[in-house]
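The values are calculated or read from the model by the stated rules, or taken from the named source; none is laboratory data. This structure is a prediction, so every number in the text was calculated from the model and none was measured. Backbone-built Cβ (ideal geometry, glycine too); neighbour counts: all protein chains shown. Note: accessible area is taken over every heavy atom of the protein model, side chains too, but ligands, DNA and RNA are not part of it. Shrake-Rupley method; radii C 1.70, N 1.55, O 1.52, S 1.80 Å.
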Amino acid sequence: MGRTNHTETITRLQTLCPGIGQTASDGEPLVTPLVQSTTFWRDGVGSGAEHQYSRVSNPTVAALEKALGDLEQALPATCFATGMAAETALFLALLKAGDHVICGSGVYGGTTRLIRQLLSDLGVEADFVDATRPEAIRAAVRTTTKLIFVETPSNPSLEITDIEAVAVIARESGALLAVDNTFLTPVLQQPLDLGADISVYSTTKFIEGHSVALGGALVTRDEAVDERIRFIRKCTGAIQNPLNAWLTLNGLRTLPLRVERQSRTAEAVAAWLATHPQIVKVNHPSLATGRAAAIADRQHVGLDGARHGAVVSFEIDGGLDAGRQFVEALELCTLVEHVGSVETLVTHPASMTHADVPADQRRATGISDGLLRLSVGLEPASAIIADLKKGLEAVAACETVRDVVHEEAAACA
Ligand code: PLP
């Protein structure tokens with residue numbers, strides 16, 4: 001996708017989002033109404049009413065689905081209670097016993113747990129591979145491979161997968177490609193335009209954006225895939241509740257504004273961390289070099305300086321102990337198991353989001369015990385940096401105390 005198209009995409013989304021979900025006809029409410037009813041009137045037996053029972057479809061959920069589909073010029077999305085419910089439906093829709101899935105090793109820990117600890121019991125075979133190397137994906141393809149699942153940038157190492165290259169492998173192998181686009185959202189990356197078959201979202205994160213509503217969504221342009229996913233949702237009853245759909249729709253109205261601002265601030269924070277002597281490693285696509293930088297530049301939509309998302313991860317000199325002291329000294333950044341809200345959040349992936357990922361897979365994907373993940377919010381970069389400085393000063397102070405204790409112990413010995 002060229003930069004001219006990027007500009008068109010940005011303008012389209014910036015224009016679409018503020019009034020998204022509106023029906024624009026005389027006397028209709030300006031904002032999509034919240035319809036909590038579990039069931040709907042029927043004129044008679046065999047009524048063809050659009051909505052009949054809210055486990056299958058609901059007007060408020062349908063408004064969100066239309067909106068999410070429009071963001072990617074796709075069919076209306078299928079919305080779920082959570083991101084994990086969406087992923088479960090995706091796997092049940094496309095995989096059966098004996099089928100094979102290739103999953104990027106750098107995906108969200110819950111995705112790894114679902115595949116390793118639940119799908120495997122149902123007879124689905126899986127390989128976890130380094131998705132930054134399309135050749136590794138190609139090498140893992142079997143005749144039974146039905147699905148390739150990647151997350152880019154990866155979580156929490158922010159490594160980049162070349163969606164177009166993996167889409168070619170999927171097509172040649174007769175498999176479908178699903179991309180978890182939770183971190184960048186359709187505002188910063190359009191997986192379907194790059195050849196993916198399904199975009200996967202935890203709308204709980206940036207799309208809703210205010211930490212008030214769980215949700216998940218699958219977006220596709222493929223009618224057969226869409227029909228199968230809706231069938232699974234009807235069978236499992238995993239639809240999003242109308243209140244959460246309504247809150248998510250409201251969050252969408254400011255999505256471009258939020259992710260652009262948060263991404264811009266994240267670039268400034270990442271650049272500051274990268275020059276700090278106490279930081280041994282910083283991950284953010286804006287700091288990528290070589291091939292990864294070229295891919296990110298090509299596939300991330302967005303304005304210069306605000307194209308690579310709001311998630312940054314980093315490691316402090318001193319490992320886990322230093323990380324703990326750092327987090328405890330923060331006042332503005334909040335320790336939670338979450339990303340994508342309007343306030344800046346910090347997470348310790350090894351003990352929180354990725355605790356169920358086997359330690360060797362964690363190490364192989366750059367999740368050391370000392371790695372911290374920052375989800376940059378709407379506060380000014382200067383305020384976030386001042387808080388991070390406070391954390392680093394606390395770590396340095398602890399090191400000084402430790403050095404004195406060691407020296408005194410050595411003198412006494
Ligand atoms: N995908 C990604 C990238 C996530 O970060 C998460 C949750 O943190 C999920 C999927 C699962 O979403 P949910 O928590 O809404 O079930």
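Carbon and sulfur: what percent of the range 255-405's accessible surface (1.4 Å probe)?
Numbers: 3360 of 5990 Å².
Of the solvent-accessible surface of the range 255-405, carbon and sulfur hold 56 percent.
Gain in length, residue 337 to residue 293, computed as 0.36 nm per residue apart minus the alpha-carbon separation, to one decimal in nm? Walk me through the numbers before you get to the answer.
On the way: separation 44, 0.36 × 44 = 15.84 nm, distance 2.82 nm.
My answer for the length gained is 13.0 nm.
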The answer for the range 1-103, accessible area per residue at 1.4 Å probe in Å², is 50
DSSP-defined beta bridges in the range 6-252 - what % are antiparallel, rounded to 5:
35
Over the range 80-224, what is the percentage of antiparallel beta bridges among all DSSP beta bridges, to the nearest 5?
25
Listed by chain and number, the aspartates and glutamates with an alpha carbon less than 12 angstrom from that of residue 389, same-chain partners under 8 positions apart left out, are 331
Leaving out same-chain residues fewer than 8 places away, which lysines sit with a Cα under 21 Å from that of residue 390?
281
Scoring the range 65-119 by relative contact order with C-alpha pairs under 8 Å, at least six apart, yields a percentage of 22
With each label point set 7 Å from Cα along the Cα-Cβ vector, what nm distance links residue 45 and residue 122?
3.6
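At 0.36 nm per residue, minus the direct Cα-Cα distance, what do residue 139 and residue 400 gain on full extension? Give it in nm, one decimal, please. Before the final figure, lay out the partial values.
Numbers: separation 261, 0.36 × 261 = 93.96 nm, distance 5.00 nm.
Contour length minus the Cα-Cα distance gives 89.0 nm.
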In terms of solvent-accessible area of protein heavy atoms at a 1.4 angstrom probe, what is the ranking of 360, 121, highest value first?
121, 360
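Order these peptides, 94-104, 330-340, by their mean beta-carbon neighbour count within 10 angstrom, highest first.
Details: 94-104: 19.6, 330-340: 17.7.
Per-residue mean Cβ counts within 10 Å order the peptides as 94-104, 330-340.
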Taking a crude spin-label model, label points 7 Å out from Cα along the C-beta direction, the residue 231 to residue 243 distance in nm is 3.4
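Any idea what the relative contact order of the chain is, in percent, if you count C-alpha pairs under 8 Å spaced at least 6 apart?
Working: 823 pairs, mean separation 71.4, N = 413.
Computed over the chain, the figure is 17 percent.
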On each of the three principal axes the extent of the alpha-carbon atoms of the chain, given in whole Å and largest first, is 92, 53, 41
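Subtracting the Cα-Cα distance from 0.36 nm times the residue separation, let me have the gained length for residue 351 to residue 224 in nm, one decimal. Show your work: numbers first, answer last.
Details: separation 127, 0.36 × 127 = 45.72 nm, distance 3.95 nm.
Extra length available between residue 351 and residue 224 comes to 41.8 nm.
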GNM on the chain, C-alpha springs below 10 Å: top fluctuator among 44, 319, 195?
44
Counting only heavy atoms of protein chains, what accessible area per residue, in Å², does the range 317-367 have with a probe of 1.4 Å?
43
Neighbours of residue 31 by Cβ distance under 15 Å: Lys/Arg at +1, Asp/Glu at -1, summed charge +1
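Roll a 1.4 angstrom probe over the protein heavy atoms and tell me the percent of accessible area of the range 6-252 that is carbon or sulfur. Before the final figure, lay out the partial values.
Details: 5320 of 9820 Å².
The value for the range 6-252 is 54 percent carbon and sulfur by accessible area.
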Order of exposure, largest accessible area first, which applies to 373, 230 with probe 1.4 Å:
230, 373
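Share of antiparallel DSSP beta bridges in the chain, in percent to the nearest 5?
Working: 23 of 42 bridges.
Bridges in the chain are about 55 percent antiparallel.
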In the Gaussian network model of the chain, springs joining C-alpha atoms below 10 Å, which of 42, 363, 133 carries the largest mean-square fluctuation?
42
Would you mind putting 57-66, 14-23, 139-148 in packing order, based on average other-beta-carbon counts within 10 Å, highest first?
57-66, 139-148, 14-23
